[in-house]
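Okay, so here's the structure we're looking at.
Every number in this text was worked out from the coordinates using simple rules, so none of it is lab data. Values in this document were obtained by computation on a predicted structure and should not be read as measured data. Quick reminder, even Gly has a Cβ in these numbers, built from the backbone with ideal geometry, and neighbours come from all protein chains shown.
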Amino acid sequence: MADIDARPEDTSARERLGRILFRAWRRGFREADLVLGPFAEQVGPTLTDDELNSLEALLAEDDDHRLYAWIIGSEPTPPAHDTAVMGKIRDFMRDHVAAAVAEGAG
């Protein structure tokens, strides 16, 4: 049920995050999904508008294997995507993967 008292900008922000979540979880490359989906869920709501712009630009990339390579550092990140958000994604991945391994994954 929609929040009757929601301000238009709140609705717009929720819709934007919803689109980001959808794109983050449906990359087509499972490894990227498992990093970007949880990142968007857990960190996305805390990002500034500029950081959300950077995240949306990353999610607009078509080559998921290359995007994942940038995240894990096996390929250099293009300057346009070497942003604070990429650093947050890398930190999240390091912490997320470490937590998953500690729980017995992998």
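Listed from fewest to most Cβ neighbours within 10 Å, the set 77, 46 follows the order 46, 77. Within the listed set 41, 56, 15, the residue fluctuating most in the Gaussian network model of the chain (springs between alpha-carbon atoms under 10 angstrom) is 15.
Helix-only estimate, please: 222 nm mean residue ellipticity of the chain, summing -39500 (n - 2.57) across DSSP H runs of length 4 or more and dividing by its residues, to the nearest 500. Theoretical 222 nm ellipticity from helices: -21500 deg cm²/dmol.
How far is the Cα center of the range 26-52 from the Cα center of the range 57-89, in Å? The range 26-52 and the range 57-89 have Cα centres spaced 12 Å from each other.
Relative to the first principal axis of the alpha-carbon coordinates of the chain, what is the inclination of helix 49-59, with its axis defined by its Cα atoms, in degrees from 0 to 90 and to the nearest 10? Computed tilt is about 50 degrees. To one decimal place, what orientation-averaged projected area in nm² is obtained for the convex hull of the Cα set of the chain? Averaged projected area of the chain's Cα convex hull equals 7.8 nm².
Taking Cα atoms, how many degrees apart are the long axis of helix 30-42 and the longest axis of the chain, rounded to 10 and kept between 0 and 90? On a 0 to 90 degree scale, this one is about 40.
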